[in-house]
Amino acid sequence: MSFDHRKYRATPRIDLPNRQWPNRAIERAPDWCSVDLRDGNQALVEPMTVQQKLRMWDLLVKLGFKEIEVGFPSASQPDFDFVRALIDGDRIPDDVSIQVLVQAREELIARSFEALKGAKRAIVHVYNSTSPVQRERVFGLDKSGITAIAVQGAKWVRDYAAQYPQTQWSFQYSPESFSSTEVDYAVQVCDAVIQQWRDSGNPLIINLPATVECASPNVFADQVEYFCRHSQYRSDYRVSIHTHNDRGCGVAAAELAVMAGADRIEGTLLGNGERTGNMDIVTMAMNLYSQGVDPQLNLSDMDEIISVVEHCTDIGLHPRHPYAGELVFTAFSGSHQDAIKKCMAKQRDDQPWQVAYLPIDPADLGRSYEAVIRINSQSGKGGVAWVLENDYGLQLPRWLQVDASRKVQAEAEAQSGELSSAQIWSVFADNYLHAAQQAMQNFSLSQDNGEHGGHDQLRLQLELDGQCVELRGDGDGAISALVNAWRDQFGERIEVLDYSEHALNTGTAAEAIAYVLLSINKQRYIGVAKHRDVVGASLQAVINAAAQSQQACAQRQAS
């Protein structure tokens with residue numbers, strides 16, 4: 001029998017009389033450190049390109065991160081080059097510290113300092129493995145041998161830092177696999193490291209990683225509280241936590257660790273990382289936010305966060321992902337829907353948020369109430385999608401199925417009867433295919449194969465209020481080029497949240513249809529268009545969606 005629980009042993013619990021963490025509450029946000037560009041990047045099937053890393057970097061800075069781990073430059077030439085690009089390109093704000101990871105080996109430490117030369121503020125994060133399985137089965141060393149590696153690594157970090165006095169250095173040490181290490185030994189090895197650093201005058205960090213999550217969050221909290229109680233140099237450094245999600249409890253473990261005495265949390269946006277992922281900073285920060293605690297991160301434009309993370313990682317977001325997923329603020333149950341409507345009718349702006357089934361106000365994250373208050377039934381949505389696919393060849397993405405079913409249902413209620421297939425098509429065409437007043441006359445697309453990779457250059461003529469307007473732009477693809485051109489012409493900020501296309505029929509006269517979901521100035525708009533080719537359909541779909549934004553703006557100004 002291969003599925004046999006007897007091959008495993010429970011993680012030992014520690015004796016911690018009078019533990020204090022269960023009686024504490026989190027009243028302020030911890031210091032945050034993003035590891036998206038290092039731990040997150042190394043977990044990807046296809047590591048990020050330089051352009052993707054820069055886009056992620058810009059987002060992290062915009063969100064308010066003050067400590068960002070940017071790579072493992074001693075082990076990777078692309079990481080080394082990226083660190084240099086940040087420094088040489090003067091892309092690091094004065095109040096942001098970049099962090100690099102390095103093993104406790106002299107040649108790697110020297111290479112790391114070479115990568116960081118000229119940085120204003122930097123954290124050198126040195127580590128070695130300390131758990132019994134690593135000591136015995138990987139390194140073949142006893143505790144004293146492992147401690148010697150850590151101490152020597154700390155000395156090298158201290159001595160190399162002294163050669164670059166122009167940088168404000170911070171030193172960080174991790175006993176890798178802390179959660180699987182005897183906690184008294186973890187205290188011993190970390191104190192030995194701090195002894196080498198405490199007179200340096202540099203800020204110090206001890207990072208306690210659950211490199212593999214192997215126990216319940218309360219056990220991890222006990223380990224952290226024991227560590228904080230017994231370290232003789234606890235006042236000399238910040239305690240940092242780096243949890244993974246192997247048991248699905250990465251966020252919970254990090255929160256309890258803060259209650260147990262931790263000051264700082266490492267994690268990634270939306271939880272990307274090795275195996276089952278890193279601790280999700282967005283979820284933990286929003287948990288604090290929902291309890292009235294300022295997370296010290298600006299997460300108000302959730303669509304932008306999702307768009308950047310999906311673009312950089314090539315990993316789609318689950319629709320049920322906490323706070324961020326497409327369906328997290330949607331109630332399909334009729335009784336839930338009724339309760340939400342009644343609470344929303346009574347909710348006032350000067351009151352604390354109290355709405356059934358909605359732990360936070362969706363508007364705080366740039367989401368509208370339409371997805372919350374819509375009348376939604378599985379059969380209605382599925383039926384509309386089935387008719388449009390089987391009778392008209394449309395393969396609607398889920399978000400368009402939901403939006404279209406709401407419009408079809410409203411028409412059915414207005415007519416107090418059943419809609420035919422032709423009537424359903426008429427509702428769809430009127431709301432999506434014929435909605436825009438701006439028609440694309442013609443376009444040309446060319447590619448510039450420069451030294452930094454190919455870029456598409458778009459030239460497009462648009463009929464606007466009876467006049468011809470020419471748009472020019474470039475980007476990574478036709479849609480990106482149009483988005484950039486539209487921004488330059490009309491000043492509207494556009495994020496492409498989702499896109500799909502397909503042929504409507506076969507043969508030489510086949511048409512293509514494209515569907516696009518845009519976020520324009522933090523409002524969502526849907527565009528659909530048919531054209532004789534895929535590129536034309538895609539461009540017209542973006543124009544149709546963007547035109548709705550301009551129409552809405554004109555209506556607001558007129559009123």
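Does region 264-308 classify as rounded, prolate or oblate by the C-alpha gyration tensor (a ≥ b ≥ c root eigenvalues; a/c under 1.5 gives rounded; else a/b over b/c gives prolate, otherwise oblate)? Oblate is the answer for region 264-308, as a/c is 1.5 or above yet b/c matches or exceeds a/b. Across region 460-514, C-alpha contacts under 8 Å between residues 6 or more apart give a mean separation that, scaled by the residue count, equals a relative contact order of 17 percent.
Classify region 286-369 as rounded, prolate or oblate from the Cα gyration tensor: take a ≥ b ≥ c as the square roots of its eigenvalues, call it rounded if a/c is under 1.5, otherwise prolate when a/b beats b/c and oblate if not. Cα axes put region 286-369 in the oblate bin. Region 1-74 and region 84-111 have Cα centres lying 19 Å from one another. Taking the longest Cα principal axis of the chain as reference, the axis of helix 302-313 is set at about 70 degrees.
As a calculated quantity, the FRET efficiency between HIS502 and GLN551 at R0 = 30 Å, using C-beta atoms, amounts to about 0.65.
The mean accessible area for residues of region 123-208, using a 1.4 Å probe and ignoring ligands and nucleic acids, is 40 Å² per residue. Approximating the spin labels as points 7 Å out from Cα along Cα→Cβ, the ALA363-to-SER2 distance works out to 5.4 nm.
Once you have the Cα-Cα distance between ARG238 and SER416, take 0.36 nm times their residue separation minus that, and quote the gain in nm to one decimal.
Working: separation 178, 0.36 × 178 = 64.08 nm, distance 6.58 nm.
That works out to 57.5 nm of additional length.
Seen against the Cα atoms of the chain and their longest principal axis, helix 217-230 is set at about 40 degrees. Compute the relative contact order of the chain as a whole-number percentage, counting only Cα pairs closer than 8 Å that sit 6 or more residues apart in sequence. Dividing the mean separation by the residue count of the chain yields 9 percent. When the Cα positions of ALA161, SER416, ILE206 are compared along the charge dipole of the chain, ILE206 comes out farthest toward the positive end, with charges on each C-beta of Lys, Arg, Asp and Glu.
Applying a DSSP loop filter and a limit of 12 other Cβ atoms within 10 Å to the chymotrypsin sites (Phe, Trp or Tyr not before Pro) in region 239-341 leaves PHE332. If each of GLN347 and ARG91 carries a label point 7 Å out from its Cα toward its Cβ, how far apart are those two points in nm? It is 3.8 nm. Dividing the summed helix terms, -39500 (n - 2.57) for each DSSP H run of n ≥ 4, by the number of residues in the chain produces a 222 nm estimate of -12000 deg cm²/dmol to the nearest 500.
Note on LEU44 and THR276: the extension gain reaches 82.3 nm, defined as 0.36 nm multiplied by sequence separation minus the Cα-Cα distance. Per-atom-type breakdown for the chain gives carbon and sulfur 47% of the accessible area (1.4 Å probe, protein chains only).
For region 291-365, relative contact order (Cα pairs under 8 Å, six or more residues apart, normalised by length) works out to 24 percent. Helix 77-88 sits at what angle to the longest principal axis of the chain, using alpha carbons and giving 0 to 90 degrees rounded to 10? It works out to around 80 degrees.
Distance between the modelled labels on ARG320 and HIS336, one decimal in nanometres: 1.0 nm (7 Å Cα→Cβ projection). Legend: calculated FRET efficiency, ARG398 to LYS120, from the Cβ-Cβ distance at R0 = 41 Å, rounded to 0.05, equals 0.35.
The values are calculated or read from the model by the stated rules, or taken from the named source; none is laboratory data. These numbers were taken from a predicted model, which means no experiment stands behind them. Glycine also receives a Cβ, built like all others from the backbone with ideal geometry; neighbour counts cover every protein chain displayed. In case anyone asks, the SASA skips ligands and DNA or RNA and just uses the protein heavy atoms, side chains included. Shrake-Rupley method; radii C 1.70, N 1.55, O 1.52, S 1.80 Å.
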